Each structure stands twice: as C-alpha cells, then as structure tokens.
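A quick write-up on the structure given underneath.
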Amino acid sequence: MKAGRFIVDTHVHAQRHAAGKAVRDSLAAANEGNSGVKVNPWRQLNKSMWTLTPYDNSPRLLWDMENYDIDMCVLLPALGMTDEINTQLVEQHPDKFVAECAATAYTRACIDGEIQWSIKGACDALDKLLSTGRYRGIGEVAPYMPVVPPGTDPREAMVSVEQAVRNMMDMCEVAKRHDVIFRTHSGCPMGYEVGYHYGELGPANYNILLVHDLATAYPEVPIVINHGGVQGHWSEIFYDQCLQVAAAHDNVYLETGLWWSELYDKALADPNIGPEKLIFGTDWGASIGCHSQPGRRPASYPVQDRRSGPVRHQVDYWGWGLRELTNVRMAQDDMNLILGGNAVRLYKLPTPFSRLFRPTYLD
C-alpha cells in the first residue's frame, strides 16, 4: 500500500558524479611516497568534487519514483552539481519535478578564479536565476559563505558568525522579493570534511539556533532546515536545536526523511510543531550509506563510513525513510501532511484534486 495519497520528496539530487577514476588517481598520487600512511578516500573525493562534471541521473530517479510511488520531487544542486541540469529536467518532466537554485555557475567561476566572491555577487546571481520563474527556492545550501579557489589558505575563507548571519539575511531578502523558500543545512555527513567557520555549509550548519535571527527578521519567508538536525550520524544534539527553533516560529519547517522512527515522537507531541511543520525529504542521489546496529538506538541510521570509503551503489533512501516514517502510529491525514501536503502548500505544487489534505493553522 502506498504510504500517502500524494508523496513529495523535497530533497533530491538528480545528478551524480563519475568519481571513481578521479578518486583513484588522486589517491595514488597522494599515497605516493607517503611512508605507507594511507590517505582516506573521502578526503580525496571532497577535494575532487568541484573538478568533476556531473551527469543527469534522472533515469534511475524516475525508475525509483515509480517503484516507491513518489509523485513529485524537489531537485536540489549539491556540491559540484549545476542549476542548469535541474532546469532542463524540470522542463522535461514538469509533472514530476520542481527545482531550487544555488547560483552554481557563479560558485564555479569563483572556484576557477575567474571572479572574486562577494555576498553582493552571490545575491545578484540568485536574483537573476529567481527572476526567470524557474525555481521555487534557494538551496540545498544558500551560497552565503565565501568561495575561494582550491588550495587557498582556509583562513582567507573564514567569516565571523555575525557576518555569516548578515550574509544569510541578504539572501533571505532575495527570497522575500521573489516569494520563495529559503533552505539552510544541518548535520554532518561524516565522510566529507566540513569546516565550522569556512566552507560551503558554514557556521549555521553546526549552530541551528542562528536560524532564530533569520526567522524573526523574515517571518514572510518559509525557512526549511535540511535534515531536521540529523544527517549522517546518530547524535541528536542538532535535532533538539531544530525542534526548539521550529517551535518558536511559524515560518520554520523541518525536513525529516533521514529521521529514524523514534525521532518523530517528540516533534509530533509538541503543540507548536506537530505534523504541520514537518516535510518529507531524504537526500536521494547522495552517497550516504546506512549502518545497521540491531538492539541499539537507533537500530539503523544513514552515515558515511570512513573505514569503508565512498559507496559505489545507488543508496536506497526511500525504502529506509518511508519505512521509518510509516512505523510511527498517527492519523493518516497527519502523515499525508508530512509526506506531501505541507510541501504542496510551500512549493505551490499541482495535485490531481483539491482538498486532499486537511487544513492547518498555517494555510
């Protein structure tokens, strides 16, 4: 039986990198003359990502959508992916996909040393993309952190927390002007090495409480916290911060597709969160495997295993994520909100019929 009457995954990567040879070559070069100390392949993959050319992985995505009865997906560009490919996919499959943008061409030009990054330049690039009407939001990660060419001293890309928040506010201003969603990231993938005060994710990834500033300053802008504090690890430290922020603001939503079943309990019981503030979104297309540890909490969870190296197969996010959610006992109308109803409202998505979802105080 289908898990819900209209299912939307709000966090999907329809692009992939042919990284195998590049990582092998990079590893061989790094290990050469390294006194027998092996270099972790995750580190080399992280360094190689922006040098790789992404390809359209939508045939696998569409096949998996049919397998799991997923009605629509929100396409997000991740590290090294492009806004352009996602735009093409939306044009080819308007009944299946919508997209968000992250000014990927601007970021690429900064990495290649063609231009110097500035917050104004990043905001102007987002403004230009959103002016086309082809995108429903800013994400997966708003490009609020400085971008520097590879090999640059990380200290040159560091910003204070205050400056990071100011940068994000500038991008919320762009989102407000175009009446679209603003997304911010939370969690840590474990395989890729992510800095706190520099790098793409920046300090907001590790300090979710910073979203209080954004939500208070821009109550008109829907803010989605990717992964709801849980990505690639079993720790619940960021999860609790996400609950605190979401409960305090009507415009903050939590993406939950990587939550194990028990994590839904506290959010659903909170009168200021409930099913109205949760949206289903996994990370379909990313390279985060799943670790099983029966008898422990959680019994399984998505994580990148640094000992095993990058996964080579297409990870089955929907099989795991849908099972964890449907194990939670709640009214089907509540589950329908999480699986699709809230996303339909936020992203203004078409549905076969009206009145498929119960009204909420946020409508």
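Could you check region 150-172 and list, in sequence order, the residues that are surrounded by 14 or more Cβ atoms within 10 Å (Cβ to Cβ), out of contact with any Asp or Glu (no Cβ under 7 Å at 6 or more places or on another chain) and either of a type outside the set (S, T, N, Q) or at pLDDT below 95 (or both)?
T152, A157, M158, V159, V161, A164, R166, M168, M169, D170, M171, C172, listed by residue number.
Every condition in (1) at pLDDT 95 or above; (2) closer than 27 Å to R306 by Cα is met by K266 except one, and the failing one is (2).
Just a yes or no: is a residue in region 192-199 of a type in the set (D, E), in contact (Cβ under 8 Å) with a residue 12 or more places away in the chain and assigned to a helix (DSSP H, G or I)? Checking region 192-199: not a single residue is of a type in the set (D, E), in contact (Cβ under 8 Å) with a residue 12 or more places away in the chain and assigned to a helix (DSSP H, G or I).
Within the option set M81, M145, being aliphatic (A, V, I, L, M), farther than 16 Å from D56 by Cα and within 21 Å of the chain's Cα centre (by Cα) holds for one residue only, M145. Against the list (1) in a loop (DSSP other than H, G, I, E, B); (2) more than 17 Å from E236 (Cβ to Cβ); (3) among the charged types (D, E, K, R), the condition D333 fails is (1).
Within region 205-236, the residues that satisfy the criterion of being assigned to a helix (DSSP H, G or I) and in contact with a helix residue (DSSP H, G or I) (Cβ under 8 Å, 6 or more places away or on another chain) are I208, L209, L210, V211, H212, D213, L214, A215, A217, G228, G229. For region 269-290, taking the residues that are touching a Pro at 6+ places or on another chain (Cβ under 7 Å) and part of a loop (DSSP other than H, G, I, E, B), the one that is modelled with the highest pLDDT is identified as I288. Could you please let me know if G309 is more than 30 Å from E162 (Cβ to Cβ), touching a helix residue (DSSP H, G or I) at 6+ places or on another chain (Cβ under 6 Å), small (G, A, S) and crowded, with 18+ Cβ neighbours inside 10 Å? No: the conditions fail for G309. Within region 184-214, the set of residues being under 15 Å from the mean Cα position of the chain (by Cα) and among the aromatic types (F, W, Y) comprises Y192, Y206.
Each row is one residue, and each column tells you yes or no for (1) more than 16 Å from H233 (Cβ to Cβ); (2) polar (S, T, N, Q).
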position: E276; (1), (2): yes, no
position: D283; (1), (2): no, no
position: Q293; (1), (2): no, yes
position: A299; (1), (2): no, no
position: P302; (1), (2): no, no
position: D305; (1), (2): no, no
position: P310; (1), (2): yes, no
position: Q314; (1), (2): yes, yes
position: W318; (1), (2): yes, no
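A single member of Y135, Y144 is in contact with a strand residue (DSSP E or B) (Cβ under 7 Å, 6 or more places away or on another chain) and at pLDDT 95 or above, and it is Y135.
Considering only residues in region 327-363 that are buried (at least 16 other Cβ atoms within 10 Å of the Cβ) and of a type in the set (S, T, Y), the one that is farthest from R136 (Cα to Cα) turns out to be T351.
Would you kindly identify the helices (runs of 4 or more DSSP H) lying entirely within region 1-116 that contain at least 1 residues that are at pLDDT 95 or above, among the acidic types (D, E) and surrounded by 12 or more Cβ atoms within 10 Å (Cβ to Cβ)?
Those helices (runs of 4 or more DSSP H) span 58-68, 83-92.
Scanning region 307-323 for residues that are among the aliphatic types (A, V, I, L, M) and assigned to a loop (DSSP other than H, G, I, E, B) yields V311, V315.
Checking each residue in region 173-187 for being buried (at least 21 other Cβ atoms within 10 Å of the Cβ) and either touching a Ser or Thr at 6+ places or on another chain (Cβ under 9 Å) or not in a helix (DSSP H, G or I) (or both) picks out V180, I181, F182, R183, T184, H185, S186, G187.
Just to check your reading of the model, which residue among S308, S300 is out of contact with any His (no Cβ under 6 Å at 6 or more places or on another chain) and at pLDDT 95 or above?
Numbers: S308 fails: at pLDDT 95 or above.
Residue meeting the stated conditions: S300.
Note on region 117-134: among residues that are touching a helix residue (DSSP H, G or I) at 6+ places or on another chain (Cβ under 6 Å) and outside any helix (DSSP H, G or I), the one that is surrounded by the fewest Cβ atoms within 10 Å (Cβ to Cβ) is R134. Here is a check on your reading of the model: is T360 touching a Phe, Trp or Tyr at 6+ places or on another chain (Cβ under 7 Å), part of a loop (DSSP other than H, G, I, E, B), of a type in the set (S, T, N, Q) and at pLDDT 95 or above? Here the answer is no, as T360 does not meet what is asked.
E100 meets each of the listed conditions (1) in contact with a strand residue (DSSP E or B) (Cβ under 6 Å, 6 or more places away or on another chain); (2) farther than 19 Å from N167 by Cα; (3) acidic (D, E) apart from (2).
The values are calculated or read from the model by the stated rules, or taken from the named source; none is laboratory data. Keep in mind that this is a model prediction, so the values were computed, not measured. Counting neighbours? That spans all protein chains shown, and the Cβs are built from the backbone with ideal geometry, glycine included.
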